[in-house]
1. Say a label goes 7 Å from Cα toward Cβ at B:S110 in every copy; what distances in nm does this one have to the rest, shortest first?
2. Give me the accessible area per residue for segment A:101-164, probe 1.4 Å, as a whole number in Å².
3. What per residue convex hull volume, in Å³, do the alpha-carbon atoms of chain B yield?
4. For segment A:1-134, state the semi-axes of the equivalent ellipsoid (square roots of 5 times the eigenvalues of the alpha-carbon gyration tensor), sorted largest first and rounded to whole angstrom.
5. In Å², nearest 100, what accessible area do chains A and B bury in total when the solvent probe is 1.4 Å?
6. Measuring label to label, 7 Å along Cα→Cβ, what does A:P3 give against each other copy in nm, shortest first?
7. When the Cα centres of segment A:212-282 and segment B:180-202 are compared, how far apart do they sit, in Å?
8. For the rotation that brings chain A onto chain B, whose beta-carbon in chain A is nearest the axis, and what is that distance in whole angstrom?
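The values are calculated or read from the model by the stated rules, or taken from the named source; none is laboratory data. What you are looking at is a predicted structure, and each value in this text was computed from that prediction instead of being measured. No Cβ is skipped: glycine too gets one built from the backbone with ideal geometry, and neighbour counts run over all protein chains shown. Heavy atoms of the whole protein, side chains included, go into the accessibility calculation; ligands, DNA and RNA do not. Shrake-Rupley method; radii C 1.70, N 1.55, O 1.52, S 1.80 Å.
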There are 2 protein chains.
Amino acid sequence: MNPTNINVFKSYGESGIARWGAPTIAAKYGAVAAMVRSMAINPDDYPHTGVTVYNDSFPKIPAVAISTNDANWLSHQLKMKMQLTVFIQTNCMMLPDAPSFNVAGEIRGSEFPNEIITVGGHLDSWDLAEGAHDDGAGCVQSIEVIRAIKANGIKPKRTIRAVMFMNEENGRKGGDKYLELAEANKEKHVFALESDEGGFTPRGFNFTSTEMQFEKIASWQKLLLNSGIDYFGKNGGGADIDPLKKLNTVLADIAPDTQRYFDIHHAATDVFENVSRRELHLGAANMAALIYLVDKYGL
Amino acid sequence: MNPTNINVFKSYGESGIARWGAPTIAAKYGAVAAMVRSMAINPDDYPHTGVTVYNDSFPKIPAVAISTNDANWLSHQLKMKMQLTVFIQTNCMMLPDAPSFNVAGEIRGSEFPNEIITVGGHLDSWDLAEGAHDDGAGCVQSIEVIRAIKANGIKPKRTIRAVMFMNEENGRKGGDKYLELAEANKEKHVFALESDEGGFTPRGFNFTSTEMQFEKIASWQKLLLNSGIDYFGKNGGGADIDPLKKLNTVLADIAPDTQRYFDIHHAATDVFENVSRRELHLGAANMAALIYLVDKYGL
(Lines give C-alpha, C1' and ligand atoms only; values in the text may rest on other atoms or scores of the structure.)
Protein backbone atom coordinates (compact mmCIF):
# COMPACT_ATOMS: atom_id res chain seq x y z
CA MET A 1 0.00 0.00 0.00
CA ASN A 2 1.35 3.34 -1.03
CA PRO A 3 2.33 5.14 2.20
CA THR A 4 2.59 8.54 0.52
CA ASN A 5 -1.20 8.90 0.28
CA ILE A 6 -2.42 10.66 3.43
CA ASN A 7 -5.78 8.98 2.87
CA VAL A 8 -5.07 5.31 3.55
CA PHE A 9 -8.34 4.25 1.91
CA LYS A 10 -7.01 5.70 -1.34
CA SER A 11 -4.02 3.37 -1.04
CA TYR A 12 -6.36 0.49 -0.30
CA GLY A 13 -8.36 1.30 -3.42
CA GLU A 14 -5.19 1.38 -5.50
CA SER A 15 -3.68 -1.84 -4.12
CA GLY A 16 -6.71 -3.94 -3.24
CA ILE A 17 -6.66 -5.78 -6.58
CA ALA A 18 -3.45 -7.48 -5.46
CA ARG A 19 -5.54 -9.38 -2.96
CA TRP A 20 -8.95 -9.80 -4.54
CA GLY A 21 -7.66 -10.29 -8.08
CA ALA A 22 -4.63 -12.47 -7.29
CA PRO A 23 -6.12 -15.99 -7.57
CA THR A 24 -7.68 -15.34 -10.95
CA ILE A 25 -4.68 -13.54 -12.43
CA ALA A 26 -2.25 -16.13 -11.08
CA ALA A 27 -4.41 -19.06 -12.25
CA LYS A 28 -4.54 -17.53 -15.72
CA TYR A 29 -0.75 -17.89 -15.87
CA GLY A 30 -0.84 -21.46 -14.58
CA ALA A 31 -0.11 -20.86 -10.89
CA VAL A 32 -1.07 -23.59 -8.43
CA ALA A 33 -1.63 -21.09 -5.63
CA ALA A 34 -1.52 -17.35 -4.96
CA MET A 35 0.30 -15.72 -2.06
CA VAL A 36 -0.09 -11.97 -1.54
CA ARG A 37 1.37 -9.29 0.66
CA SER A 38 -1.23 -8.22 3.21
CA MET A 39 -2.98 -4.87 2.82
CA ALA A 40 -1.23 -2.94 5.62
CA ILE A 41 0.85 0.22 5.70
CA ASN A 42 2.87 -0.29 8.86
CA PRO A 43 5.12 -3.34 8.82
CA ASP A 44 3.70 -6.07 11.06
CA ASP A 45 3.65 -9.81 11.58
CA TYR A 46 -0.06 -10.36 10.93
CA PRO A 47 -1.79 -11.68 7.84
CA HIS A 48 -4.69 -9.39 6.86
CA THR A 49 -7.48 -11.26 5.14
CA GLY A 50 -10.34 -10.05 2.92
CA VAL A 51 -12.49 -10.81 -0.08
CA THR A 52 -10.96 -12.77 -2.95
CA VAL A 53 -12.79 -13.03 -6.26
CA TYR A 54 -12.69 -16.17 -8.37
CA ASN A 55 -13.48 -16.38 -12.05
CA ASP A 56 -15.15 -19.43 -13.54
CA SER A 57 -12.80 -19.38 -16.56
CA PHE A 58 -9.78 -20.36 -14.48
CA PRO A 59 -9.02 -22.94 -11.78
CA LYS A 60 -9.99 -21.80 -8.29
CA ILE A 61 -6.53 -22.02 -6.77
CA PRO A 62 -5.77 -21.60 -3.06
CA ALA A 63 -4.98 -18.03 -2.05
CA VAL A 64 -3.28 -16.77 1.10
CA ALA A 65 -2.14 -13.42 2.46
CA ILE A 66 1.12 -13.19 4.40
CA SER A 67 2.22 -10.42 6.73
CA THR A 68 4.05 -7.37 5.40
CA ASN A 69 7.21 -8.39 7.31
CA ASP A 70 7.05 -11.89 5.81
CA ALA A 71 6.41 -10.42 2.36
CA ASN A 72 9.45 -8.16 2.73
CA TRP A 73 11.54 -11.18 3.67
CA LEU A 74 10.17 -13.20 0.76
CA SER A 75 10.72 -10.36 -1.67
CA HIS A 76 14.30 -9.99 -0.48
CA GLN A 77 14.93 -13.73 -0.93
CA LEU A 78 13.47 -13.65 -4.43
CA LYS A 79 15.66 -10.70 -5.37
CA MET A 80 18.65 -12.71 -4.18
CA LYS A 81 17.49 -15.31 -6.74
CA MET A 82 17.19 -17.97 -4.12
CA GLN A 83 15.50 -21.22 -5.06
CA LEU A 84 12.42 -21.21 -2.86
CA THR A 85 9.82 -23.83 -2.15
CA VAL A 86 6.66 -22.78 -0.33
CA PHE A 87 4.40 -25.20 1.46
CA ILE A 88 0.84 -23.91 1.83
CA GLN A 89 -1.84 -25.51 3.93
CA THR A 90 -5.24 -23.82 4.08
CA ASN A 91 -8.43 -24.90 5.73
CA CYS A 92 -10.81 -22.26 4.37
CA MET A 93 -13.88 -23.34 2.46
CA MET A 94 -17.16 -21.84 1.27
CA LEU A 95 -20.03 -23.27 3.25
CA PRO A 96 -23.65 -23.00 2.11
CA ASP A 97 -25.55 -19.91 3.24
CA ALA A 98 -27.25 -20.20 6.64
CA PRO A 99 -30.00 -18.09 8.20
CA SER A 100 -28.83 -14.93 9.91
CA PHE A 101 -30.37 -11.61 10.90
CA ASN A 102 -30.01 -7.86 10.99
CA VAL A 103 -30.57 -6.63 14.54
CA ALA A 104 -32.39 -3.33 15.04
CA GLY A 105 -33.76 -1.13 17.80
CA GLU A 106 -35.58 2.15 17.40
CA ILE A 107 -37.22 5.14 19.03
CA ARG A 108 -40.51 5.70 17.26
CA GLY A 109 -41.00 9.19 15.90
CA SER A 110 -43.50 11.34 17.77
CA GLU A 111 -44.71 13.22 14.66
CA PHE A 112 -43.57 11.27 11.61
CA PRO A 113 -43.13 7.67 12.74
CA ASN A 114 -42.99 6.44 9.13
CA GLU A 115 -39.99 8.67 8.35
CA ILE A 116 -36.91 6.67 9.20
CA ILE A 117 -33.45 7.84 10.19
CA THR A 118 -31.10 4.87 10.16
CA VAL A 119 -27.79 4.71 11.98
CA GLY A 120 -25.81 1.54 11.58
CA GLY A 121 -22.76 -0.63 11.50
CA HIS A 122 -22.32 -4.30 10.73
CA LEU A 123 -22.36 -7.32 13.02
CA ASP A 124 -20.28 -9.73 10.99
CA SER A 125 -16.50 -9.69 10.92
CA TRP A 126 -13.57 -11.66 9.58
CA ASP A 127 -12.76 -14.62 11.76
CA LEU A 128 -9.17 -13.73 12.63
CA ALA A 129 -10.29 -11.61 15.54
CA GLU A 130 -13.28 -10.00 17.23
CA GLY A 131 -13.84 -7.34 14.61
CA ALA A 132 -13.70 -4.79 17.40
CA HIS A 133 -13.11 -1.84 15.07
CA ASP A 134 -14.60 -3.52 11.97
CA ASP A 135 -17.32 -3.15 12.90
CA GLY A 136 -18.00 -3.64 16.58
CA ALA A 137 -17.25 0.06 16.96
CA GLY A 138 -19.95 1.05 14.46
CA CYS A 139 -22.50 -1.20 16.15
CA VAL A 140 -21.74 0.15 19.63
CA GLN A 141 -21.80 3.74 18.34
CA SER A 142 -25.18 3.19 16.68
CA ILE A 143 -26.65 1.82 19.90
CA GLU A 144 -25.04 4.73 21.76
CA VAL A 145 -26.84 7.22 19.49
CA ILE A 146 -30.18 5.77 20.60
CA ARG A 147 -29.08 5.67 24.25
CA ALA A 148 -27.79 9.25 24.19
CA ILE A 149 -31.00 10.59 22.64
CA LYS A 150 -33.06 8.76 25.27
CA ALA A 151 -30.76 9.78 28.12
CA ASN A 152 -31.11 13.43 27.11
CA GLY A 153 -34.90 13.21 27.19
CA ILE A 154 -35.19 14.02 23.49
CA LYS A 155 -38.39 12.88 21.78
CA PRO A 156 -37.48 12.74 18.10
CA LYS A 157 -40.10 13.65 15.51
CA ARG A 158 -38.92 10.89 13.19
CA THR A 159 -38.18 7.26 13.92
CA ILE A 160 -34.50 6.79 14.76
CA ARG A 161 -33.38 3.25 14.19
CA ALA A 162 -30.05 1.67 15.08
CA VAL A 163 -29.32 -1.24 12.76
CA MET A 164 -26.60 -3.83 13.11
CA PHE A 165 -26.41 -5.18 9.59
CA MET A 166 -25.43 -8.77 8.87
CA ASN A 167 -23.11 -9.98 6.10
CA GLU A 168 -21.37 -6.75 5.13
CA GLU A 169 -18.06 -8.53 4.63
CA ASN A 170 -19.40 -11.25 2.41
CA GLY A 171 -22.13 -10.12 0.06
CA ARG A 172 -24.13 -7.35 1.79
CA LYS A 173 -27.22 -9.50 2.17
CA GLY A 174 -28.22 -7.55 5.29
CA GLY A 175 -28.19 -4.24 3.44
CA ASP A 176 -30.17 -5.67 0.54
CA LYS A 177 -32.75 -7.18 2.90
CA TYR A 178 -33.08 -3.85 4.71
CA LEU A 179 -34.01 -2.12 1.46
CA GLU A 180 -36.43 -4.93 0.58
CA LEU A 181 -38.22 -4.54 3.94
CA ALA A 182 -38.23 -0.75 3.65
CA GLU A 183 -40.02 -1.06 0.31
CA ALA A 184 -42.40 -3.75 1.52
CA ASN A 185 -43.31 -1.65 4.59
CA LYS A 186 -43.56 1.57 2.56
CA GLU A 187 -41.16 3.31 4.94
CA LYS A 188 -39.85 6.73 4.02
CA HIS A 189 -36.08 6.67 4.56
CA VAL A 190 -34.91 10.26 4.93
CA PHE A 191 -31.38 9.72 6.22
CA ALA A 192 -28.94 6.89 6.84
CA LEU A 193 -25.58 7.18 8.60
CA GLU A 194 -23.02 4.40 8.67
CA SER A 195 -20.01 4.00 10.94
CA ASP A 196 -17.68 1.46 9.38
CA GLU A 197 -14.26 3.08 9.24
CA GLY A 198 -13.09 2.20 12.74
CA GLY A 199 -13.77 3.64 16.17
CA PHE A 200 -11.04 6.27 15.95
CA THR A 201 -11.10 10.02 16.67
CA PRO A 202 -13.84 11.52 14.46
CA ARG A 203 -12.71 14.10 11.90
CA GLY A 204 -15.63 14.58 9.55
CA PHE A 205 -18.83 13.42 7.97
CA ASN A 206 -19.45 12.72 4.29
CA PHE A 207 -22.84 12.98 2.59
CA THR A 208 -24.52 11.88 -0.62
CA SER A 209 -27.47 14.15 -1.24
CA THR A 210 -28.81 16.81 -3.58
CA GLU A 211 -26.89 20.08 -3.69
CA MET A 212 -29.70 21.82 -1.82
CA GLN A 213 -29.71 19.23 0.91
CA PHE A 214 -25.94 19.49 1.22
CA GLU A 215 -26.15 23.25 1.66
CA LYS A 216 -28.59 22.77 4.51
CA ILE A 217 -26.40 20.09 6.11
CA ALA A 218 -23.27 22.20 5.66
CA SER A 219 -24.90 25.02 7.61
CA TRP A 220 -24.81 22.75 10.69
CA GLN A 221 -21.09 22.14 10.51
CA LYS A 222 -20.26 25.06 12.78
CA LEU A 223 -22.36 23.43 15.49
CA LEU A 224 -20.04 20.43 15.52
CA LEU A 225 -16.72 22.28 15.17
CA ASN A 226 -16.10 22.29 18.90
CA SER A 227 -16.60 18.53 18.98
CA GLY A 228 -13.45 17.90 16.95
CA ILE A 229 -15.24 17.64 13.58
CA ASP A 230 -13.22 19.45 10.91
CA TYR A 231 -15.17 18.94 7.72
CA PHE A 232 -18.39 17.94 6.00
CA GLY A 233 -17.57 16.30 2.68
CA LYS A 234 -19.35 14.69 -0.24
CA ASN A 235 -19.68 11.09 -1.51
CA GLY A 236 -20.89 9.73 1.81
CA GLY A 237 -22.38 6.34 2.52
CA GLY A 238 -21.45 2.81 3.47
CA ALA A 239 -21.78 -0.70 2.12
CA ASP A 240 -24.79 -1.55 4.29
CA ILE A 241 -26.82 1.59 3.65
CA ASP A 242 -25.92 2.06 -0.03
CA PRO A 243 -28.96 0.04 -1.23
CA LEU A 244 -31.14 2.87 0.19
CA LYS A 245 -29.88 5.05 -2.68
CA LYS A 246 -32.79 3.59 -4.62
CA LEU A 247 -35.14 5.45 -2.22
CA ASN A 248 -33.20 8.75 -2.61
CA THR A 249 -32.24 8.55 1.04
CA VAL A 250 -29.51 10.99 2.04
CA LEU A 251 -26.54 8.74 2.84
CA ALA A 252 -23.69 9.59 5.18
CA ASP A 253 -20.69 8.15 6.93
CA ILE A 254 -18.61 9.24 9.85
CA ALA A 255 -14.98 9.68 8.79
CA PRO A 256 -12.60 9.06 11.67
CA ASP A 257 -8.86 9.48 11.64
CA THR A 258 -7.82 6.36 9.76
CA GLN A 259 -4.05 6.34 10.09
CA ARG A 260 -4.19 3.25 12.32
CA TYR A 261 -7.03 1.55 10.44
CA PHE A 262 -4.82 -0.75 8.38
CA ASP A 263 -2.95 -1.85 11.50
CA ILE A 264 -6.09 -3.71 12.54
CA HIS A 265 -7.97 -4.23 9.27
CA HIS A 266 -9.07 -7.88 8.86
CA ALA A 267 -6.28 -9.03 11.17
CA ALA A 268 -5.79 -10.67 14.56
CA THR A 269 -5.12 -7.19 15.95
CA ASP A 270 -8.76 -6.08 15.56
CA VAL A 271 -9.53 -6.65 19.23
CA PHE A 272 -11.27 -4.75 22.01
CA GLU A 273 -7.98 -3.67 23.63
CA ASN A 274 -7.12 -1.70 20.50
CA VAL A 275 -10.25 0.46 20.69
CA SER A 276 -9.92 3.68 22.68
CA ARG A 277 -13.02 4.21 24.76
CA ARG A 278 -12.60 7.97 24.47
CA GLU A 279 -12.20 8.00 20.68
CA LEU A 280 -15.24 5.72 20.37
CA HIS A 281 -17.27 8.05 22.59
CA LEU A 282 -16.29 11.14 20.62
CA GLY A 283 -17.47 9.49 17.41
CA ALA A 284 -20.76 8.36 18.92
CA ALA A 285 -21.42 11.78 20.45
CA ASN A 286 -20.92 13.46 17.08
CA MET A 287 -23.13 10.91 15.36
CA ALA A 288 -25.87 11.55 17.92
CA ALA A 289 -25.53 15.31 17.43
CA LEU A 290 -25.78 14.98 13.65
CA ILE A 291 -28.85 12.74 13.86
CA TYR A 292 -30.44 15.11 16.33
CA LEU A 293 -29.96 17.94 13.82
CA VAL A 294 -31.36 15.90 10.92
CA ASP A 295 -34.43 15.07 12.97
CA LYS A 296 -34.89 18.61 14.27
CA TYR A 297 -34.47 20.50 11.01
CA GLY A 298 -35.27 17.87 8.37
CA LEU A 299 -33.51 17.53 5.01
CA MET B 1 -10.19 14.88 34.49
CA ASN B 2 -13.30 16.32 32.93
CA PRO B 3 -14.11 14.06 29.94
CA THR B 4 -16.55 16.58 28.43
CA ASN B 5 -13.74 18.85 27.25
CA ILE B 6 -12.78 17.81 23.71
CA ASN B 7 -9.35 19.28 24.37
CA VAL B 8 -7.84 16.94 26.95
CA PHE B 9 -5.10 19.44 27.81
CA LYS B 10 -7.82 21.80 29.00
CA SER B 11 -8.96 19.11 31.42
CA TYR B 12 -5.37 18.59 32.51
CA GLY B 13 -5.03 22.31 33.18
CA GLU B 14 -8.22 22.28 35.24
CA SER B 15 -7.39 19.18 37.28
CA GLY B 16 -3.62 19.22 37.52
CA ILE B 17 -3.61 20.99 40.88
CA ALA B 18 -5.04 17.80 42.41
CA ARG B 19 -1.66 16.23 41.80
CA TRP B 20 0.88 19.01 42.10
CA GLY B 21 -0.91 20.83 44.90
CA ALA B 22 -2.00 17.81 46.94
CA PRO B 23 0.94 17.37 49.36
CA THR B 24 0.94 20.99 50.43
CA ILE B 25 -2.82 21.29 50.79
CA ALA B 26 -3.08 17.98 52.63
CA ALA B 27 -0.13 18.80 54.92
CA LYS B 28 -1.78 22.11 55.78
CA TYR B 29 -4.70 20.13 57.20
CA GLY B 30 -2.43 17.78 59.12
CA ALA B 31 -2.33 14.85 56.70
CA VAL B 32 0.54 12.39 57.05
CA ALA B 33 0.47 11.55 53.32
CA ALA B 34 -1.37 12.49 50.12
CA MET B 35 -2.86 10.00 47.69
CA VAL B 36 -4.35 11.32 44.44
CA ARG B 37 -6.33 9.96 41.52
CA SER B 38 -4.04 9.80 38.47
CA MET B 39 -4.47 12.33 35.67
CA ALA B 40 -6.09 10.09 33.06
CA ILE B 41 -9.40 10.22 31.20
CA ASN B 42 -9.90 6.58 30.28
CA PRO B 43 -10.15 4.23 33.23
CA ASP B 44 -6.97 2.17 33.58
CA ASP B 45 -4.85 0.30 36.10
CA TYR B 46 -1.75 2.50 35.85
CA PRO B 47 -0.52 5.20 38.20
CA HIS B 48 0.37 8.36 36.23
CA THR B 49 3.12 10.36 37.89
CA GLY B 50 4.20 13.98 37.49
CA VAL B 51 5.49 17.06 39.24
CA THR B 52 4.50 17.67 42.84
CA VAL B 53 5.18 21.00 44.50
CA TYR B 54 6.15 21.28 48.14
CA ASN B 55 5.87 24.39 50.24
CA ASP B 56 8.40 25.14 52.98
CA SER B 57 5.65 26.26 55.38
CA PHE B 58 4.28 22.73 55.73
CA PRO B 59 5.74 19.26 56.28
CA LYS B 60 6.89 17.57 53.09
CA ILE B 61 4.62 14.56 53.34
CA PRO B 62 4.81 11.51 51.04
CA ALA B 63 2.60 11.78 47.95
CA VAL B 64 1.45 9.03 45.61
CA ALA B 65 -0.83 8.75 42.60
CA ILE B 66 -3.04 5.70 42.19
CA SER B 67 -4.72 4.48 39.02
CA THR B 68 -8.16 5.76 38.00
CA ASN B 69 -9.65 2.29 38.54
CA ASP B 70 -8.14 2.11 42.03
CA ALA B 71 -9.32 5.62 42.77
CA ASN B 72 -12.86 4.68 41.70
CA TRP B 73 -12.73 1.69 44.02
CA LEU B 74 -11.39 3.77 46.88
CA SER B 75 -13.98 6.49 46.32
CA HIS B 76 -16.73 3.87 46.35
CA GLN B 77 -15.43 2.41 49.62
CA LEU B 78 -15.26 5.85 51.21
CA LYS B 79 -18.83 6.61 50.16
CA MET B 80 -19.87 3.37 51.83
CA LYS B 81 -18.31 4.90 54.96
CA MET B 82 -15.95 2.00 55.38
CA GLN B 83 -13.16 2.31 57.91
CA LEU B 84 -10.08 2.21 55.73
CA THR B 85 -6.43 1.94 56.57
CA VAL B 86 -3.92 2.59 53.82
CA PHE B 87 -0.32 1.44 53.95
CA ILE B 88 1.98 3.49 51.75
CA GLN B 89 5.57 2.64 50.98
CA THR B 90 7.47 4.95 48.67
CA ASN B 91 11.08 4.92 47.62
CA CYS B 92 11.29 8.23 45.75
CA MET B 93 13.79 10.83 46.83
CA MET B 94 15.36 14.02 45.50
CA LEU B 95 18.98 13.43 44.60
CA PRO B 96 21.45 16.26 44.06
CA ASP B 97 21.69 17.62 40.52
CA ALA B 98 24.15 15.81 38.27
CA PRO B 99 25.75 16.89 34.96
CA SER B 100 23.62 16.26 31.91
CA PHE B 101 23.44 17.64 28.39
CA ASN B 102 21.23 18.89 25.59
CA VAL B 103 22.06 16.99 22.41
CA ALA B 104 21.95 18.86 19.12
CA GLY B 105 22.69 18.37 15.44
CA GLU B 106 22.36 20.92 12.68
CA ILE B 107 22.59 21.74 9.00
CA ARG B 108 24.49 25.00 8.72
CA GLY B 109 22.72 27.69 6.74
CA SER B 110 24.16 28.42 3.32
CA GLU B 111 23.29 32.15 3.40
CA PHE B 112 22.53 33.10 7.00
CA PRO B 113 24.33 30.56 9.18
CA ASN B 114 23.86 32.72 12.26
CA GLU B 115 20.05 32.67 11.86
CA ILE B 116 18.82 29.64 13.73
CA ILE B 117 15.69 27.57 13.22
CA THR B 118 15.31 25.18 16.15
CA VAL B 119 13.22 22.04 16.11
CA GLY B 120 13.14 20.05 19.29
CA GLY B 121 11.78 17.65 21.83
CA HIS B 122 13.09 16.55 25.18
CA LEU B 123 15.33 13.63 26.11
CA ASP B 124 14.32 13.12 29.71
CA SER B 125 11.21 11.25 30.78
CA TRP B 126 9.49 9.95 33.88
CA ASP B 127 10.97 6.71 35.05
CA LEU B 128 7.83 4.55 34.87
CA ALA B 129 8.47 3.77 31.23
CA GLU B 130 10.53 4.68 28.20
CA GLY B 131 8.87 8.02 27.57
CA ALA B 132 8.22 6.87 24.02
CA HIS B 133 5.57 9.52 23.33
CA ASP B 134 6.78 11.95 26.02
CA ASP B 135 9.03 12.79 24.43
CA GLY B 136 10.89 10.15 22.44
CA ALA B 137 8.46 10.96 19.62
CA GLY B 138 9.44 14.64 19.59
CA CYS B 139 13.15 13.78 19.59
CA VAL B 140 12.79 11.31 16.72
CA GLN B 141 10.64 13.74 14.74
CA SER B 142 13.20 16.52 15.21
CA ILE B 143 15.99 14.30 13.92
CA GLU B 144 13.72 13.22 11.07
CA VAL B 145 13.25 16.87 10.04
CA ILE B 146 17.01 17.17 9.55
CA ARG B 147 17.20 13.81 7.78
CA ALA B 148 14.28 14.62 5.46
CA ILE B 149 15.78 17.99 4.47
CA LYS B 150 19.10 16.33 3.72
CA ALA B 151 17.52 13.39 1.90
CA ASN B 152 15.64 15.81 -0.35
CA GLY B 153 18.85 17.60 -1.27
CA ILE B 154 17.63 20.88 0.21
CA LYS B 155 20.33 23.37 1.17
CA PRO B 156 18.64 25.63 3.73
CA LYS B 157 19.57 29.30 3.84
CA ARG B 158 19.38 29.36 7.62
CA THR B 159 20.87 26.94 10.14
CA ILE B 160 18.38 24.24 11.02
CA ARG B 161 19.13 22.65 14.35
CA ALA B 162 17.49 19.63 15.94
CA VAL B 163 17.75 19.85 19.71
CA MET B 164 16.98 17.15 22.22
CA PHE B 165 16.54 19.17 25.39
CA MET B 166 17.40 17.78 28.81
CA ASN B 167 15.38 18.21 32.01
CA GLU B 168 12.03 19.32 30.61
CA GLU B 169 10.12 17.28 33.18
CA ASN B 170 11.99 18.55 36.18
CA GLY B 171 12.97 22.20 35.95
CA ARG B 172 13.64 23.04 32.29
CA LYS B 173 17.36 23.47 32.83
CA GLY B 174 18.04 22.41 29.23
CA GLY B 175 15.78 25.11 27.82
CA ASP B 176 17.30 27.76 30.06
CA LYS B 177 20.84 26.70 29.10
CA TYR B 178 19.90 26.82 25.42
CA LEU B 179 18.85 30.47 25.76
CA GLU B 180 22.01 31.24 27.73
CA LEU B 181 24.20 29.79 24.97
CA ALA B 182 22.18 31.55 22.26
CA GLU B 183 22.85 34.87 23.96
CA ALA B 184 26.51 34.08 24.62
CA ASN B 185 27.03 33.07 20.98
CA LYS B 186 24.99 36.02 19.68
CA GLU B 187 22.83 33.71 17.62
CA LYS B 188 19.71 35.10 15.94
CA HIS B 189 16.85 32.71 16.71
CA VAL B 190 14.16 33.26 14.10
CA PHE B 191 11.93 30.27 14.71
CA ALA B 192 11.59 27.39 17.16
CA LEU B 193 9.21 24.45 16.85
CA GLU B 194 8.59 21.95 19.63
CA SER B 195 6.99 18.52 19.42
CA ASP B 196 5.97 17.49 22.92
CA GLU B 197 2.32 16.46 22.73
CA GLY B 198 2.80 12.85 21.65
CA GLY B 199 3.58 11.19 18.34
CA PHE B 200 -0.05 11.02 17.25
CA THR B 201 -1.73 12.01 13.96
CA PRO B 202 -0.91 15.69 13.37
CA ARG B 203 -3.87 18.07 13.24
CA GLY B 204 -2.42 21.55 13.45
CA PHE B 205 0.34 23.95 14.37
CA ASN B 206 0.19 26.77 16.90
CA PHE B 207 2.31 29.91 16.78
CA THR B 208 3.35 32.76 19.04
CA SER B 209 4.39 35.67 16.86
CA THR B 210 3.45 39.18 15.86
CA GLU B 211 0.18 39.61 13.98
CA MET B 212 2.08 40.33 10.77
CA GLN B 213 4.18 37.22 11.11
CA PHE B 214 1.08 35.15 11.79
CA GLU B 215 -0.56 36.44 8.63
CA LYS B 216 2.45 35.34 6.63
CA ILE B 217 2.51 31.94 8.32
CA ALA B 218 -1.25 31.49 7.87
CA SER B 219 -0.82 32.00 4.12
CA TRP B 220 1.11 28.70 4.05
CA GLN B 221 -1.62 26.67 5.65
CA LYS B 222 -3.16 25.70 2.33
CA LEU B 223 0.13 24.07 1.38
CA LEU B 224 -0.19 21.64 4.28
CA LEU B 225 -3.93 20.95 4.00
CA ASN B 226 -3.39 17.80 1.95
CA SER B 227 -1.04 16.49 4.62
CA GLY B 228 -3.81 16.16 7.17
CA ILE B 229 -3.19 19.53 8.87
CA ASP B 230 -6.50 21.24 9.64
CA TYR B 231 -5.53 24.44 11.36
CA PHE B 232 -2.90 27.01 12.24
CA GLY B 233 -3.65 28.46 15.67
CA LYS B 234 -2.18 30.93 18.13
CA ASN B 235 -0.41 30.63 21.50
CA GLY B 236 2.18 28.18 20.24
CA GLY B 237 5.33 27.06 21.99
CA GLY B 238 6.69 24.44 24.33
CA ALA B 239 8.38 24.24 27.71
CA ASP B 240 11.87 23.80 26.23
CA ILE B 241 11.71 26.60 23.67
CA ASP B 242 9.72 29.09 25.73
CA PRO B 243 12.89 30.76 27.12
CA LEU B 244 13.58 31.95 23.54
CA LYS B 245 10.65 34.33 23.93
CA LYS B 246 13.21 36.71 25.38
CA LEU B 247 14.82 36.87 21.90
CA ASN B 248 11.46 37.49 20.17
CA THR B 249 11.78 34.16 18.44
CA VAL B 250 8.60 32.96 16.75
CA LEU B 251 7.57 29.92 18.81
CA ALA B 252 5.48 27.02 17.58
CA ASP B 253 4.27 23.57 18.47
CA ILE B 254 2.84 20.73 16.49
CA ALA B 255 -0.62 19.83 17.79
CA PRO B 256 -1.41 16.19 17.23
CA ASP B 257 -4.67 14.44 17.96
CA THR B 258 -4.42 14.08 21.73
CA GLN B 259 -7.38 11.88 22.61
CA ARG B 260 -5.05 9.02 23.59
CA TYR B 261 -2.39 11.22 25.19
CA PHE B 262 -3.57 10.72 28.77
CA ASP B 263 -3.64 6.95 28.27
CA ILE B 264 0.16 7.05 28.19
CA HIS B 265 1.05 10.29 29.99
CA HIS B 266 3.69 9.69 32.69
CA ALA B 267 2.68 6.04 32.98
CA ALA B 268 4.06 2.58 32.34
CA THR B 269 2.11 2.57 29.08
CA ASP B 270 4.38 5.19 27.45
CA VAL B 271 6.31 2.58 25.50
CA PHE B 272 7.52 2.14 21.94
CA GLU B 273 4.75 -0.36 21.09
CA ASN B 274 2.16 2.37 21.69
CA VAL B 275 3.63 4.69 19.07
CA SER B 276 2.25 4.31 15.55
CA ARG B 277 5.07 4.56 13.05
CA ARG B 278 2.71 6.06 10.50
CA GLU B 279 1.31 8.72 12.82
CA LEU B 280 4.86 9.61 13.89
CA HIS B 281 5.92 9.92 10.24
CA LEU B 282 2.99 12.14 9.34
CA GLY B 283 3.89 14.51 12.13
CA ALA B 284 7.57 14.61 11.20
CA ALA B 285 6.77 15.18 7.52
CA ASN B 286 4.56 18.14 8.36
CA MET B 287 7.18 19.56 10.71
CA ALA B 288 9.79 19.29 7.96
CA ALA B 289 7.44 20.98 5.50
CA LEU B 290 6.77 23.85 7.91
CA ILE B 291 10.45 24.38 8.64
CA TYR B 292 11.22 24.28 4.94
CA LEU B 293 8.67 27.07 4.40
CA VAL B 294 10.05 29.17 7.26
CA ASP B 295 13.54 28.87 5.84
CA LYS B 296 12.44 29.53 2.26
CA TYR B 297 10.22 32.56 2.88
CA GLY B 298 11.48 33.91 6.21
CA LEU B 299 9.32 35.42 8.93
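1. List, nearest first: 6.9 nm.
2. For segment A:101-164, the solvent-accessible area averages 44 Å² per residue.
3. It comes to 148 Å³ per residue, whole-number rounded.
4. 38, 20, 14
5. 1900 Å²
6. 3.4
7. Cα centroid of segment A:212-282 versus Cα centroid of segment B:180-202: 37 Å apart.
8. A:D230, 2
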